[in-house]
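Please treat every number below as a calculation from the coordinates, not as lab data. Owing to the predicted nature of the structure, the values given are computational and were not obtained by experimental measurement. For neighbour counting, all protein chains shown are included, and Cβ atoms are generated from backbone atoms with ideal geometry for every residue, glycine included.
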Amino acid sequence: MIWPWKRSRSRAASVPTVPADRRGRVLIATSLGGYAHAQALDAALATALRLRGAEVQLLLCDAVLPACQMSKPPRVTAETLVTTGQAAYCAICFGEGSAQFSRLPLVTYSEFLADGDRESAAQIAADVPLDRIRGFRFRELAVGEHAFAGTLRFLARGDLDGEPLGPAILRRYLQAGLLTIMALDRLFQSHPIDVVVAHHGIYIPQGMIVEVARRRGVRVVTWNPAYRKHSFIFSHHDTYHHTMMSEPTEVWEHLPLSDDIRRHTLRYLDSRRSGANDWIWFHDQPREDARRVLTELGASPDRPYLALLTSVVWDAQLHYASNAFPTMLDWVRETVLYFRRRSDLQLVIRVHPAEVRGLVPSRQRVADEVARWFPELPPNVFVIGPEHQASTYALTDHANAIAIYNTKTGVELAAQGRPVIVAGEAWIRGKGFSIDVSTPEHYLEVLDRLPCRAGMSPVEIDRAIRYAYHFFFRRMIPLPFIASAGPAHFTVTAAESQLGPRAFLGLDVVCDGILTGSPFVYPSESLPDPLAERHEPAVS
């Protein structure tokens, strides 16, 4: 049985009959047919859910949106986006998605857009004053915030300064967000849906899909690739950027910290230096000789220093009430200003390697901003650029303390006993083992107490190890049948018949979470060696 949609392309085989109370109506809102991250996993999820008796439809954009997460140079230039649009690439994107999902029930955006919707969205996007777009809401939904985040991602910078086409691009993303709301509102209004599955849960269009679903009382599941090979993070209700901060500590803080859990966790954290167990890392041959690196910079390895770890300027710029500073760059600038009067300490700024090695290389770089603010750096401040092969882990090994804004590296460093100061929305905030600040004044007070005379307490370290284990082994759910097929591209290695119940424990956890709302927590503590589990069958 499939839903009574206007049109169905389903050629999939029938699925086993299961009790009615286990059935669910699932919309997998892939939207972006050319998004290689999503093609394989969404197709596998659709098959797995159908094999568990769910009624599943996939949603694709069929060249409706004038801008989206797939819009990025060089495939779509800024000039093309604001003049002729991205129609040429849209045809490629939709073609790839249609081919990937050809054996599954599929619907498209245009089926749920009425006459006049495109003109209405274009007019609204043109009429909103530029300075009000970021906070603009449509039908009570924060479309402006997601449009702004999408624009920054396209421009690969943290603001629109010096971008002559920036305002026009922002209006394109706003128009796309409005069309997404119009289409999804009509879809939810006309068809009963129990749960929506969407990758990312931010940007355009995924952020608006999530917001429309929540407003209509439809359960939301989001997912994103995790660090460990063959693993993914799933979340209920919101993007993982938010849920990993708001997750109750009760989920992990009472885990028994056995010798095995401690050993597995620290062994994995040590492997992060080389990325041996990961499919997301940024150095092939990191330099571990931190003292020599510091000496080459002109720093003294024997004097105490604060290691400041940046993130990519444009990435996931959402609103977080807990941030001590308006932006990450404000935080970096204030820290350098502070160290001008602390000649007894050194500041080593490690710029995130993803600025140059990520999928979307940054066009606004921290080192350039620091050089613009401070043509001559204070003699105790040093910047290690993103292209440098210095191991971030080796640098933090020797640091007196570490300051972060939102990098996930804080999870690893705290578990290894490094004092971590959190000034932004890092996931370790509020977990009971980091130094959390929420105002500039508090941040400066914390810096005044440096250098640390003692590291983390044994109780704090144990708590950090528990959270690291939960984060890397329980929240990162292994799906060993998803393999990397190149940069940002996944493939399914299992046959469709192998995706049914009790084939893979991780897949059962995911499908149960989608269909019943159960937690997306993998019971790795019940396995003998979570690092060795790559192709495990489900267990009783």
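Using a cut-off of under 19 Å, list every residue of the range 162-194 whose amide N is near the label point 7 Å from the Cα of Glu369 along the Cα-to-beta-carbon line. Of the residues in the range 162-194, 162-164, 166-167 have backbone N under 19 Å from the label point off Glu369.
Once volume of the Cα convex hull per residue in Å³ is calculated for the structure shown, the corresponding label among [x] 137; [y] 180; [z] 147 turns out to be [z]. Computed about its Cα centre, the charge dipole of the range 138-262 is approximately 560 debye, with only Lys, Arg, Asp and Glu carrying charge at their Cβ. The phi-based Karplus calculation (6.51 cos²θ - 1.76 cosθ + 1.60; θ = phi - 60°) puts the 3J(HN,Hα) values of the range 129-140 at x, 4, 6, 10, 5, 4, x, 6, 10, 10, 6, 6 Hz, whole numbers, x for Gly and Pro. Proximity of backbone amide H atoms, modeled 1.01 Å from N, is registered between Leu308 and Val348, Ile349, Arg350, Ala403 at under 5 Å, excluding neighbours fewer than 5 places apart on the same chain.
The magnitude of the dipole of the range 381-540, with charges of +1 and -1 set on the Cβ of Lys/Arg and Asp/Glu and taken from the Cα centre, is near 140 debye.
Counting every other Cβ atom within 10 Å of each residue's Cβ, Ser343, Ser434, Ser484 order from fewest to most as Ser343, Ser484, Ser434. In the range 336-380, which GluC sites (Glu not before Pro) are in a loop and have at most 15 other Cβ atoms within 10 Å, using DSSP for the loop call? Filter output for the range 336-380: Glu376.
Residue exposure proxy: Trp279, Trp314, Trp223, ordered by other Cβ atoms within 10 angstrom of their Cβ from fewest to most, comes out as Trp279, Trp314, Trp223. Taking label points 7 Å from Cα along the Cα-to-Cβ direction, Asp194 and Arg267 give a separation of 3.9 nm. Across the range 249-474, the convex hull enclosing all Cα atoms gives 128 Å³ per residue. For the range 398-415, 3J(HN,Hα) computed residue by residue from phi via the Karplus equation (6.51, -1.76, 1.60; θ = phi - 60°) reads 9, 6, 6, 7, 10, 10, 10, 9, 9, 5, 6, 4, x, 4, 5, 5, 5, 5 Hz, glycine and proline entered as x.
Positive-end ranking of Tyr393, Pro66, Ile428 along the dipole of the chain, with charges on Cβ about the Cα centre, is headed by Pro66. Adding -39500 (n - 2.57) for every DSSP H run of four residues or longer, then dividing by how many residues the chain holds, sets the calculated 222 nm ellipticity at -10500 deg cm²/dmol. In terms of surrounding Cβ atoms within a 10 Å radius of their Cβ, His200, His254 rank from fewest to most as His254, His200.
Remark on Arg25: its backbone amide H falls under 5 Å from those of Glu55, Asp194, Val195, a criterion applied only to residues 5 or more positions apart or on other chains, H modelled at 1.01 Å from N. Tally the DSSP beta bridges in the range 249-474 and give the antiparallel ones as a percent, rounded to 5. If I count the DSSP bridges inside the range 249-474, around 0 percent turn out antiparallel.
Amide H to amide H distances under 5 Å link Phe232 with Ala226, Ile477, Leu479, where only residues 5 or more positions off or on other chains count and H is placed in the peptide plane.
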